[in-house]
Amino acid sequence: MNSPGSQQNNMASKGKGKQRGEDIQQEDVFQAVVIADSFNVRFAPITNEKPKSLLPLANTPILDYTLEFLVSAGVQEIFVFCCHLADQVRTHLRQSKWSECSSCTITPVLSESCMSMGDALREIHDKSVIRNDFVLVFGDVVANIRLQDILQEHKNRLKDKTCPKNKNSVMTMIFQKVPPGHRSRNKEDDIFLAVDKSSNRVLHYQRVRDQSKLQIPVDVLADNSDVLLRYDLLDSQISVCSPELLSLFKDNFDYLNRDHFVKGILDNEDIMEKTIHMCVINDGYMGRISNLQMYDSVSRDVVCRWSYPLVPDTQTDEGGQIISHSRHNVYTSKDVMLAKGCVLEQNVLVGRGTRIGNNTRITDSVIGKDCKIGNKVVIENAYIWDGVTVEDDCTVNTAVVCDKAVIYATTTVNPGCVLSWNVKVGPMVTIATGSRLQATKDMDDDFGDELTEADQDAVSMINYGSQSQAFLYQPPEDSDDEDSDLVQDMFGHSIQSETSSEASSLSEESSEDEGMLDDEELFYSELLDTLVKAKEDNYNTENLILEINSLKHTYNIAIRDLYGMVMKGLIEIPLRASDNLDPGAQLLSVKKNIARYKALIMNYIKNEESQLDCLHALEDFALSNKTVNSVLVKLLHILYDADVLSENVLIKWHRMDKEDEYKAIKKQVTPLIKWLEEAEEETSDEEIGSD
């Protein structure tokens with residue numbers, strides 16, 4: 001028999017063994033820290049009532065995309081740090097599917113005192129919850145990349161005994177190759193990197209923004225034999241980090257964000273003996289919703305399925321209903337009500353319980369649940385959230401309209417506008433480009449006295465309609481955020497504040513047309529290159545449409561302009577290729593190209609309005625191109641035979657009043673129109689005779 005002392009020793013050794021086993025098991029846990037706060041006011045006044053991470057992206061809270069990405073990548077323990085309106089984030093996590101997630105534990109970390117990402121990471125350090133290498137990501141990231149391989153690469157680097165600088169790596173930054181000017185990048189994403197080519201160690205990291213010159217420290221080039229310079233990378237803001245990163249933030253209170261940390265490490269690499277590495281992802285999708293432009297861009301990518309499997313039809317809505325997906329990326333819930341004559345053109349998502357009226361046209365837009373859209377409404381490139389009412393004859397273009405807002409009849413909402421929660425505008429008004437409106441006025445009047453409720457109503461009605469409840473949002477005077485600058489980027493538009501817009505209005509008017517022309521020329525040039533490449537690489541129609549739509553959003557081309565440009569490109573390319581041939585051979589080449597891309601053409605030109613836009617574009621093409629002018633009648637005949645243009649539209653177009661420069665074209669196509677009219681009369685006579 002063992003003595004009592006030996007029994008105690010055995011029990012103690014068993015306990016130690018179990019604890020050691022638990023430590024080993026804990027070391028294998030794949031962890032992540034999600035910063036669910038942006039610490040800025042770029043989405044104000046929207047974020048005054050709801051944190052940015054819970055705003056809807058394609059009718060799903062943004063944070064859910066980040067969590068789905070991490071869980072799918074194999075992360076087993078996630079800490080969601082939230083500061084602004086933190087209770088809403090905690091409640092969302094408790095009530096969402098993540099509370100029952102068996103493969104991953106998701107824990108909210110709340111703090112109201114943090115003012116920066118650095119403060120958040122210092123708070124995480126004090127809680128001692130991170131035990132090994134972890135993923136650091138913002139709660140506004142949409143991605144579908146593989147993290148396991150990058151984590152393993154980071155771990156292997158730390159075990160590399162042949163290179164001390166690899167062994168001291170505290171962060172692996174994840175990038176994706178995205179050329180400058182692409183719609184997935186904005187000014188703040190333009191980054192210049194110097195990298196050690198053999199080890200992928202970051203030597204220099206600089207945000208370019210509007211700088212015309214790039215400066216590289218001399219020692220970067222002098223001390224490294226093989227330096228690679230990169231300006232074609234998108235910073236995903238996703239990093240794989242060593243636990244030591246938290247200690248470095250704790251010891252350096254001047255690290256307010258990741259950029260400060262990276263600069264501090266690179267500037268003091270010899271002293272701190274820490275390094276940073278990078279990894280470039282060639283497959284997969286990554287996008288961070290850092291501002292309204294990126295909200296627009298990432299929303300389009302989700303609807304256009306670039307982020308698969310993070311797309312609308314792989315999820316159920318809040319009512320548990322499956323969202324259906326049909327041609328041209330049109331998504332609807334089962335109980336959506338669509339009136340006769342309403343058209344969902346392309347890249348449209350409609351939430352459950354929404355009703356859309358007669359002859360309403362919606363394209364490239366997301367509509368939330370329980371919305372009421374009236375008759376003869378036009379919605380383009382817009383994001384309409386839950387419970388919104390849009391009355392008859394309204395136009396909403398490139399705007400965000402938040403929950404329970406009301407747009408009264410015959411109101412136009414111009415590009416770049418934000419209508420925050422419960423805002424009401426109209427009827428019969430035009431909301432100026434770039435207006436950010438809120439439902440209550442939280443500022444004093446010009447005399448410093450607080451406005452009465454009656455005064456507020458009067459101010460709102462004067463500016464935004466007789467039934468309005470809307471006030472222009474003004475950033476806080478003490479805000480040092482970039483959004484308080486005079487010029488703000490919203491949806492990729494440069495929006496002037498009131499103080500600067502008056503001074504520059506004349507120059508804007510004189511340069512507006514020229515700027516649009518430049519964008520259209522650049523778009524058309526890339527469109528031609530895309531069509532040529534599509535033929536060479538034998539793209540299928542669906543991929544070609546995705547490429548063209550991506551270009552459209554990059555250059556902010558209006559959908560009506562796109563119709564004519566696509567047709568013009570499909571005619572110009574075969575004409576160029578057969579330049580040395582006679583007109584008959586050229587027309588045959590054009591005819592073959594139109595037949596080849598018939599499905600592409602019908603994707604864009606599918607109603608009377610788009611056919612007229614196409615005809616107007618061909619008119620302009622004929623005026624600028626002698627070859628097209630000489631064969632225009634036969635071109636129209638080819639498009640008529642191909643059922644691209646209908647006889648009714650051709651006749652209607654010909655009967656329109658023409659400016660002097662177009663009268664020659666009208667005369668030129670008169671024989672074709674007369675033939676169509678006679679054919680129509682014969683058909684009518686035959687139908688009467690048969691009756």
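Since every read-out is calculated from the coordinates, none of them should be taken as a lab result. Just so you know, these numbers come straight off a predicted model, no measurement behind them. Don't worry about glycine lacking a Cβ; one is built from the backbone with ideal geometry, like all the others, and counts go over all protein chains shown.
The shape of the stretch 530-689 comes out prolate: with a ≥ b ≥ c from the C-alpha gyration tensor, a/c is at least 1.5 and a/b beats b/c.
Rounded to the nearest 20 debye, the dipole magnitude of the stretch 79-224 is 460 debye, with +1 charges on Lys and Arg beta carbons, -1 on Asp and Glu beta carbons, and the Cα centre as origin. With both labels modelled 7 Å from their Cα along Cα-to-Cβ, the R327 to E112 distance reads 5.6 nm. You can think of it this way: the chain between N48 and D87 has 12.7 nm of extra reach, that is 0.36 nm per residue less the Cα-Cα gap. In this structure, the amide hydrogen of R436, modeled 1.01 Å from its nitrogen in the peptide plane, lies closer than 5 angstrom to those of V418, Y473, counting only residues at least 5 positions away or on a different chain. Residues whose amide H falls under 5 Å from that of T354, counting only those 5 or more places apart or on a different chain, are M337, D370, C371, with hydrogens built in the peptide plane.
Given +1 at the Cβ of Lys and Arg, -1 at the Cβ of Asp and Glu and no other charges, the dipole of the stretch 318-360 around its Cα centre is 120 debye to the nearest 20. Normalised by the number of residues in the stretch 82-230, the mean separation of alpha-carbon contacts (under 8 Å, six or more apart) gives a relative contact order of 13 percent. Summary of packing: across the peptides 72-80, 121-129, the per-residue average of other C-beta atoms within 10 Å ranks them, highest first, as 72-80, 121-129. In a simple Cβ point-charge model (Lys, Arg +1; Asp, Glu -1; nothing else charged), the stretch 180-235 has a dipole of about 220 debye relative to its Cα centre. Computed from label points 7 Å out along Cα-Cβ, the spacing between E647 and R560 is 2.8 nm.
Model label sites at Q668 and D370, defined 7 Å from Cα along the beta-carbon direction, differ in position by 5.8 nm. What separates the Cα centres of the stretch 531-546 and the stretch 113-189 is a distance of 36 Å. Close lysine pairs were tallied over the stretch 165-233: pairs 8 or more places apart or on different chains with Cα atoms under 18 Å apart number 5. Cα gyration tensor of the stretch 123-251, axes a ≥ b ≥ c as square roots of the eigenvalues: rounded (a/c below 1.5), prolate (a/b > b/c) or oblate? Judged from the Cα gyration tensor, the stretch 123-251 comes out oblate (a/c at least 1.5, b/c at or above a/b).
Between amide H atoms placed 1.01 Å from N, distances below 5 Å from M171 occur with S242, H277, all of them 5 or more places distant or on a separate chain. Starting from the Cα gyration tensor of the stretch 366-445, take the square roots of the eigenvalues, sort them a ≥ b ≥ c, and report rounded, prolate or oblate (rounded when a/c is under 1.5, otherwise prolate if a/b is larger than b/c, else oblate). Since a/c reaches 1.5 and a/b is larger than b/c, the shape of the stretch 366-445 is classed as prolate.
Between M656 and S102, the contour length at 0.36 nm per residue exceeds the alpha carbon distance by 192.9 nm.
Between E608 and A577, the contour length at 0.36 nm per residue exceeds the Cα-Cα span by 8.1 nm.
Between the listed residues M272, L310, C241, the Cα displaced farthest toward the positive end of the dipole of the stretch 176-331, a dipole computed from Cβ unit charges relative to the Cα centre, is found at L310.
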